[in-house]
Each structure stands twice: as structure tokens, then as C-alpha cells.
1. Which residues, taken from segment 254-295, are in contact with a Phe, Trp or Tyr (Cβ under 6 Å, 6 or more places away or on another chain), farther than 25 Å from S354 by Cα and either part of a loop (DSSP other than H, G, I, E, B) or among the β-branched types (V, I, T) (or both)?
2. How about segment 290-328: which of its residues are of a type in the set (D, E) and in contact with an Asp or Glu (Cβ under 9 Å, 6 or more places away or on another chain)?
3. Any chance segment 426-437 includes a residue that's closer than 24 Å to A182 by Cα and within 14 Å of the ligand (Cβ to nearest atom)?
4. Considering only segment 459-473, how many residues are out of contact with any Cys (no Cβ under 9 Å at 6 or more places or on another chain) and part of a helix (DSSP H, G or I)?
5. Counting just the residues of segment 147-168 that are more than 9 Å from the ligand (Cβ to nearest atom), over 14 Å from A16 (Cβ atoms) and among the aliphatic types (A, V, I, L, M), which one comes out surrounded by the fewest Cβ atoms within 10 Å (Cβ to Cβ)?
6. Identify, from the list A214, A243, the residue that is within 30 Å of D435 (Cα to Cα) and in contact with a Pro (Cβ under 6 Å, 6 or more places away or on another chain).
7. Scan A129, A104 and give me the residue that is closer than 17 Å to L63 by Cα and aliphatic (A, V, I, L, M).
Amino acid sequence: LADVVVVGAGNAALCAAIAASEAGASVVALEAAPRREAGGNSAYTAGAMRLAYRSGKDLRPLLDVPDRELALCDFGSYPVRDFVDDVERVTGGRADPELTRLIAREGLATLQWMREHGVQFEPSYGQQAFELEGRWRFWGGLAVRVRGEGKGLVSALEAGATAAGVKILYETRATELLPGRAVRVQTPSGSREVEARSLVLASGGFEANGDWRAKHLGPAWSRAKVRGTRFNTGGGIRMALEAGAAAHGDWEGAHAVQWDRDAPDFGDIAVAHEYTRNSYQFGIMVNSLGRRFADEGADFRNYTYAALGREVLAQPGGVAWQIFDAKVGHLLRREYERGDAAVVEASSLRDLASAMDVDGGALEATVDEFNRSIRADAAFDPAARDGRSTTGLAIPKSNWALPIDQPPFRAFAVCCGITFTFGGLRVDTDARVLDAAGQAIPKLFAAGELVGGIWYGNYAGGTGLTAGSVLGRIAGERAAAVALS
Ligand SMILES: Cc1cc2nc3c(=O)[nH]c(=O)nc-3n(C[C@H](O)[C@H](O)[C@H](O)COP(=O)(O)OP(=O)(O)OC[C@H]3O[C@@H](n4cnc5c(N)ncnc54)[C@H](O)[C@@H]3O)c2cc1C
């Protein structure tokens, strides 16, 4: 018998487990994966965490870097209001306002608490900052990342949880809730019950469940590649629904990005997030007909990338190409230089098209029309929405429009990589799971990607980890309080 049983051992679950243990509860975490594959999607992340702060001074106690290094960083400010506005904007105003405010307000204190439990943070150089005249300028609300990325996060949290007395049971898949008293689990040696005074569900979304994807997102999603763990099949959501929880949020929506066309069907932890192709704002995207299909510069990539996997999926064959010329090569994220990237290169657009197996005339026409439509009156600035846009195109490019005219040209082949699903359970700001009448189900809490109601249609980069940590910590505290009362 444990006071608190946590289902999962990713970021949200481990934060919940540590918080419950700190509050005096005995805690067991149940993890479906074997130890070598544990850590969920959290282990695959770049460790970027969206965080509201007033100025660089707020970040100082969090960052494990020397002052002389920080003196070269322009963090600007990212107040709670901007965090909330960004989430509202990308979700078309549908995000749960109370949960959004909670995550924005509690982020900084929660990361500080994680630091006390061994997680180290550093500025997001390279990914979220461009170096200009010897100084780093940060953009897009993502100034901070975990040192060692997702793997660093999970190993630090596992160590923190173990030090706090949490017992993690691997290869132990929760299959059924026995409300108020236990969870049924499946292990290599059979099925059994684990008794619990209270329960925290933190077992991720259903992105790795092909049937649920086809049913809720649509049949085309069966050909999406899963970016992360194969263990997030929606078990936690299913069990809670069976126990009377309300389904909530955007069940037809998912976070899905442009992903290397030749990546495996499920995530490969050795490569982790490096199949992501997220520098599209510095080039153009075309489909196999050689036509553009989306505004590559609609906003900072943090606010567009999670909706573009769906756009790619809708193209013929579910694939597309990102095209860059030589002058933006230095702006591309380092994963573009991986030796196994699906890329072709040529010194003319004709030859590039032939290597892409795309009609040469069509591609040349697209690039020519694009190049001629660029307004040259705004200066190119990769660290700001520079307003350097096209005019007169049916599909505009709203920022960072540079002509594609300097060989050699490169085209990267992409497909749709699904990250996590948006639909899930309904929780309140105490992380209590609610039923259809809005009543809390006794002794049942939830955190992380199985919580619905925050993301609708789109997502703001780096919020998944912050949301999971904030709500996970709260879930653990409240679950312990209930168990010990
Ligand atoms: C490639 C990639 C890059 C990403 N980069 C970022 C980033 O930089 N910043 C960011 O904020 N977010 C990022 N994300 C999103 C991020 O991964 C999630 O927001 C976050 O990790 C979700 O945490 P979680 O604890 O809810 O789920 P997970 O970390 O996925 O943990 C869920 C755990 O539950 C286990 N589980 C599932 N079912 C059961 C069951 N029935 N019984 C027991 N255990 C079960 C799984 O094995 C898994 O370990 C990225 C995701 C991917 C895939």
C-alpha cells in the first residue's frame, strides 16, 4: 500500500512523485516502459521551457552559468500577461484561462523548485537566441532550457525522486482504476493490484495509438510518424474515462511538426528531437507539385511549428520539401547538418527539382514568383518579427522573406511527425480530475499531456514541460494531502 501512486515516470509524473514525497507521503510510480526506454516523451525533448519573467534578474537564480556569460545575454522580459496572450492567440482564445494563468504565474517558482531537486538550467543559446554583434538576443518566450535536454531532465528527476524516497516500478503498465483504493497493473509476471490512498495520472496522450489517432484525428493520421515514445497509447485517459472522468479539450487536435521524411515510425531516443525540421522560416516549403502551401513566416517558429505537421500531412503523399539557398545556411538549426538527413543539393533549381523528383518548370516558377514578390523595404532580422514580407501572393510569407537565389540550393524532405495529442481529461487548478458535472472525482489527480483544455488547434513551443511541471507538482502536493488526511 502506498499513500500516493503516480502513473507514468515522465516529467509530470516525476514532479508529482517528488512533491508528494516531500509532503510526507510514501510514493510509488508505475511506468509501462522498461528502464532503458523510460522517461516518456520528456526524454525526447530539447528541454526548452516557456517561462514568464520580468527581466534577466528573475532568471539569474535559476541559471547555472557564470555572471560574465550572462552579461552577454539580452533576455528582455516576458511578463505573465505576454505568456497568457501568446497561449490565447495560438489557441484562438479557447485555452482554459485559469490553467493558462496558473502555468504562467507558477512557472518560475516551479523551475526553481526543480533546481533544488537537481535539474540544471541554462540559457537557450542557438535554439532560441541569435548572436548579433557579440551578444545573444533571445526571442519567443523561451529563454531557458534544461541542461542536457530531455535526457538530462529525466535523469535529474529520476535521481531527485529516488533521493526523495520514491519507488519507480518499470515494466508496470496501469490497466484499470479501482476507484478510491487501487490500480490494476500488468507486469511481465502477470496482473496484480497496487493499493493507493490517492492517485495521480501522468501517463501522456494517445499519439502512439494508431487506432485512436485514426478515430479522433482522422484516417490520414495513420501515416504520421510518432516523434517520441511508443508507450503513450492513451491508457491513463481511457482508465479515467471508465472511472467517470469527463473527456475535455480538442480531441481532433494534435501537436505535429515537420519531421525528417526518412525517420523511423516511432522515436529513436539516440536521435531524440533531431529529426525536427524547424528552420523553415528562412526558406520556402513546397509540396511534390512544386507549390507553396503555407506562410513560412507567419510568426516566430514557436507559434507556427506545431500546426505545420498537419499541413504537410494534407499535401499529396503526406510529404513536402523545405528549400534554402546558401546565404541562410548559417541560420539553420544544427540538426539540419546531420549526416542521415533526407536532403538533396544542387547548383541550379532545375537540378534540385530533378533530385526532388518534382517538375522543374513548376519549381522554378514558384521560386521566381516568390523572389519577385519580396518587399525590400524592411531589414531582415531573424530575432524579431521583421515584417520583411511578400506582396501579392495567394499564400504570403509574412516575415523573413529573402530571395532564393544563391547556389548551392538544398531541399530537405519532411513528413508529419506527431508529438502529442490535445484531447484528454478535465482538471481544475488543484489538478483534480473532474467528471461531466464538473465535480472532482475523489482521490484522483492528473497532470501532463493527458490533461485536455489547454491546446486547441495549435501550441506555444516549450509550454508542455512547464505545464507538466507546474500541474505535476500541484497534483503531487494535493494527492499527498488527501492521502495523509
Ligand atoms: C521530440 C520531442 C521534442 C519535444 N520538445 C519539447 C521541448 O523542448 N519543450 C517542451 O516543453 N515540450 C517538448 N515536447 C513535448 C513534451 O515531451 C511533453 O509536453 C512532455 O514531455 C509531456 O510530459 P508528460 O509527463 O505528460 O508525458 P511523458 O513524458 O510522455 O510521460 C508519460 C509516461 O507515461 C508512461 N505510460 C503511458 N501509459 C502508461 C500506463 N498505462 N501505465 C504506466 N505508464 C504509462 C509512458 O511510458 C511515459 O513514460 C517534445 C516532445 C517530443 C516528442
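1. Selection gives V257, G267.
2. Selection gives D325 alone.
3. yes
4. So the first thing to find is which residues in segment 459-473 are out of contact with any Cys (no Cβ under 9 Å at 6 or more places or on another chain), and the list is 459-467.
Adding the requirement that they be part of a helix (DSSP H, G or I) leaves 463-467.
Number of matching residues: 5.
5. A163
6. Numbers: A214 fails: in contact with a Pro (Cβ under 6 Å, 6 or more places away or on another chain).
Only one candidate qualifies: A243.
7. Details: A104 fails: closer than 17 Å to L63 by Cα.
Going through A129, A104 in turn, the sole match is A129.
A quick yes/no check of all residues on (1) away from the ligand (no atom under 16 Å from the Cβ); (2) free of Cβ contacts under 8 Å to residues at least 40 places away in the same chain; (3) of a type in the set (A, V, I, L, M, F, W, C):
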position: G234; (1), (2), (3): no, no, no
position: G249; (1), (2), (3): no, no, no
position: A254; (1), (2), (3): no, no, yes
position: F266; (1), (2), (3): no, no, yes
position: A272; (1), (2), (3): no, no, yes
position: S288; (1), (2), (3): yes, no, no
position: D295; (1), (2), (3): yes, no, no
position: A298; (1), (2), (3): yes, no, yes
position: E311; (1), (2), (3): yes, yes, no
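The values are calculated or read from the model by the stated rules, or taken from the named source; none is laboratory data. Because the structure is predicted, anything quoted here is derived from the model rather than measured. Heads up, the Cβs are rebuilt from the backbone with ideal geometry, glycines too, and the neighbour counts pull from every protein chain shown.
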